[in-house]
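Right, one structure below, let's go through it.
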Amino acid sequence: MHYLRNGAAQPGFVVVPETTLPSGQVVPAFQVAQHVASKGDGGAVSISATGKPWTSINFADAKQACADAGYSMITETQWLAIAWNASQVAANWTGGKVGEGSMRQGIRFGGGAKPGDYEPTNEEERRWLLLSNGSLICDFNGNVFQWIFDDVQGAADGLIAKRIEADSISLTTAPYPSEQKGMGYRPDGSRDWSGYALIRGGYWYSDVNVGAFLLSDVSPGYEYDDVGFRCTKSLG
């Protein structure tokens, strides 16, 4: 536990600092897996810098896989904390300053999901985002969609339980409109996705739609090669 006492994350994870969203909501600091979860030997979650994202897994099974490994599935507020923090770091913008050019978008021009050690030859597919505390996170802006445990509109099971209102932090946290300045796609107003699950980030063929603030929904039973998941841990 020395890494927690010293304010560092356990191997495979990085620390996300306490973040205040534009709404004023404070998201406490936590640990997040640096990479999308992979499927290790024996079928358990592996947080690997070289592994390929574990896809073709539905929402409930992904959530259970996180729990079996001693982790949690990333929540909506945790995702927003990372996306907002990253949006305020100059290195994540193509123009070299916050708000100039576009926020970095990841793997999105085809070719299937890539393992953690894949290095894109196209600068427009840069897959790493930098946080204000120096933490680096891979594939938060592409490669595969990621299941989200909805702690904003969701029920106890993490599925969407009510209408996403136009003033929900799920829609208002992004600093720019949908599909502009690298934000990725999100609805332009209220949506009733009750019973479905949130997904974020974008996948390997999302093109301009991909981005850290991308928001969409899919059936929780969906199992295909474009949706994976990411694990988190508390700092306590």
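The values are calculated or read from the model by the stated rules, or taken from the named source; none is laboratory data. All values derive from a computational prediction rather than experimental measurement. All Cβ positions, glycine included, derive from the backbone under ideal geometry; neighbour counts span all protein chains shown. For the accessible areas, the whole protein counts, side chains as well, though only heavy atoms, and no ligand, DNA or RNA atoms are used. Shrake-Rupley method; radii C 1.70, N 1.55, O 1.52, S 1.80 Å.
In the range 110-130, what residues are assigned to a loop (DSSP other than H, G, I, E, B) and surrounded by 13 or more Cβ atoms within 10 Å (Cβ to Cβ)?
From the range 110-130, those assigned to a loop (DSSP other than H, G, I, E, B) are 110-122, 126-127; that's our starting set.
Passing the criteria: G112, A113, K114, P115, G116, Y118, P120, R126, R127.
Only one of N85, N133, N141 is in a loop (DSSP other than H, G, I, E, B) and within 14 Å of the chain's Cα centre (by Cα). Can you tell me which?
N141
Quick one: is A91 open to solvent by less than 10 Å² (accessible area, probe 1.4 Å), farther than 15 Å from G202 by Cα and in contact with a Leu (Cβ under 9 Å, 6 or more places away or on another chain)?
When the stated conditions are applied, A91 does not pass them.
Report, by residue number, each residue of the range 69-82 that is of a type in the set (S, T, Y), touching a Ser or Thr at 6+ places or on another chain (Cβ under 8 Å) and not in a loop (DSSP other than H, G, I, E, B).
Selection gives S72, T75.
E125: of a type in the set (D, E), without any contact (Cβ under 8 Å) to a residue 24 or more places away in the chain and farther than 25 Å from A37 by Cβ, yes or no?
no
Select from the range 160-211 the residues that are part of a loop (DSSP other than H, G, I, E, B), open to solvent by 60 Å² or more (accessible area, probe 1.4 Å) and more than 19 Å from W93 (Cα to Cα) and list them in ascending order.
The answer is K162, R163, E165, A166, D167, D188, D192, Y196, Y205.
Out of all the residues in the range 61-88, which are open to solvent by less than 20 Å² (accessible area, probe 1.4 Å) and either under 23 Å from A113 (Cβ atoms) or of a type in the set (D, E) (or both)?
If the condition is that a residue be open to solvent by less than 20 Å² (accessible area, probe 1.4 Å) and either under 23 Å from A113 (Cβ atoms) or of a type in the set (D, E) (or both), then A62, A65, C66, M73, I74, E76, W79, I82, A83, A86 are the ones that fit.
For the range 219-229, which residues satisfy the criterion of being touching a strand residue (DSSP E or B) at 6+ places or on another chain (Cβ under 7 Å) and either more than 11 Å from I199 (Cα to Cα) or acidic (D, E) (or both)?
So in the range 219-229, the residues touching a strand residue (DSSP E or B) at 6+ places or on another chain (Cβ under 7 Å) come out as 220, 226-229.
Of everything in the range 219-229, just one residue is touching a strand residue (DSSP E or B) at 6+ places or on another chain (Cβ under 7 Å) and either more than 11 Å from I199 (Cα to Cα) or acidic (D, E) (or both), namely D226.
Condition (residue is surrounded by fewer than 23 Cβ atoms within 10 Å (Cβ to Cβ), under 20 Å from W54 (Cβ atoms) and basic (K, R)) applied to the range 212-235: is it met by at least one residue?
Yes; the residues of the range 212-235 include at least one that is surrounded by fewer than 23 Cβ atoms within 10 Å (Cβ to Cβ), under 20 Å from W54 (Cβ atoms) and basic (K, R).
Considering (1) among the polar types (S, T, N, Q); (2) touching a residue at least 40 places away in the same chain (Cβ under 8 Å); (3) at negative phi, say which one N143 fails and leave the rest.
With respect to (1) among the polar types (S, T, N, Q); (2) touching a residue at least 40 places away in the same chain (Cβ under 8 Å); (3) at negative phi, N143 is out only on (3).
Does I107 satisfy the criteria of being more than 24 Å from S234 (Cβ to Cβ), at pLDDT 95 or above and not in a helix (DSSP H, G or I)?
Yes.
Out of the range 32-60, which residues are open to solvent by 20 Å² or more (accessible area, probe 1.4 Å), part of a helix (DSSP H, G or I) and in contact (Cβ under 8 Å) with a residue 12 or more places away in the chain?
Once the filter is applied, which keeps residues that are open to solvent by 20 Å² or more (accessible area, probe 1.4 Å), part of a helix (DSSP H, G or I) and in contact (Cβ under 8 Å) with a residue 12 or more places away in the chain, the range 32-60 yields only A60.
Quick test of your reading of the structure: V98 fulfils all but one of (1) in contact (Cβ under 8 Å) with a residue 60 or more places away in the chain; (2) part of a loop (DSSP other than H, G, I, E, B); (3) touching a helix residue (DSSP H, G or I) at 6+ places or on another chain (Cβ under 8 Å); (4) not basic (K, R). Name the failing condition by number.
(1)
Say we look at the range 9-28 and pick out the residues that are more than 20 Å from Q146 (Cβ to Cβ) and small (G, A, S); which of these is surrounded by the most Cβ atoms within 10 Å (Cβ to Cβ)?
Here the residue is S23.
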